[in-house]
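Notes for the one structure printed next.
The values are calculated or read from the model by the stated rules, or taken from the named source; none is laboratory data. Values in this document were obtained by computation on a predicted structure and should not be read as measured data. Here the Cβ is made from the backbone with ideal geometry for all residues, glycine too, and neighbour counts use every protein chain on show. Accessible surface is based on the protein model in full, side chains and every heavy atom, while ligands, DNA and RNA are left aside. Shrake-Rupley method; radii C 1.70, N 1.55, O 1.52, S 1.80 Å.
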Amino acid sequence: MPADRLLHPRAGHSEKVTQLTDTEYRVWTQYLLSADDFGVMRCSAITLQADNDALATRKTQAIERALERLVAVALVCTFEHQGWRYCYQRDWNRWQKVSYPRGTNNPIPPA
């Protein structure tokens, strides 16, 4: 299974996406790359910073604020599992179309 992630050309006209600052947009696109094949990722700046050298140079608090902005504009949702906060995209499969998802250690989001 390739690790490809897709951005639809209409994303540039999305009400949610166009509200983002440049940093928030970078955080959102890195979320798309860092999330597992089900769209789930631990909702933590450290996760994103570990996967992106440019974000690693930014203050952790700035990345955390950007993550909160993604939640505020409803690009991602959050849930808690065993004391940890996770984020996911409700319509992940509609856009990413992962046919053969790889295994994951992340929990399943609520229905």
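Quick notes on this one:
- Where a residue in segment 47-68 is of a type in the set (Gly, Ala, Ser) and its partner, wherever it lies, is in a loop (DSSP other than H, G, I, E, B), with Cβ under 9 Å and at least six apart: Ala66/Leu20; Ala66/Thr21; Ala66/Arg58
- Of all residues in segment 71-97, those that are farther than 13 Å from Leu32 by Cα have Cβ atoms under 7 Å from Cβ atoms of residues that are outside any loop (DSSP other than H, G, I, E, B) and of a type in the set (S, T, N, Q), 6 or more apart or on another chain, in Val71/Thr78; Arg85/Thr78; Tyr86/Thr78.
- When every residue of segment 9-24 is checked against the conditions, none turns out to be exposed (fewer than 14 other Cβ atoms within 10 Å of the Cβ), out of contact with any Leu (no Cβ under 8 Å at 6 or more places or on another chain) and aliphatic (A, V, I, L, M).
- Among the residues making up segment 38-79, those that are in a loop (DSSP other than H, G, I, E, B), open to solvent by 30 Å² or more (accessible area, probe 1.4 Å) and touching a Ser or Thr at 6+ places or on another chain (Cβ under 8 Å) are Phe38, Arg58.
- Qualifying positions in segment 84-103 - assigned to a loop (DSSP other than H, G, I, E, B), under 23 Å from Glu64 (Cβ atoms) and open to solvent by less than 70 Å² (accessible area, probe 1.4 Å): Gln89
- Residue in segment 99-110 that is more than 13 Å from Gln30 (Cα to Cα), within 12 Å of the chain's Cα centre (by Cα) and basic (Lys, Arg) present: no
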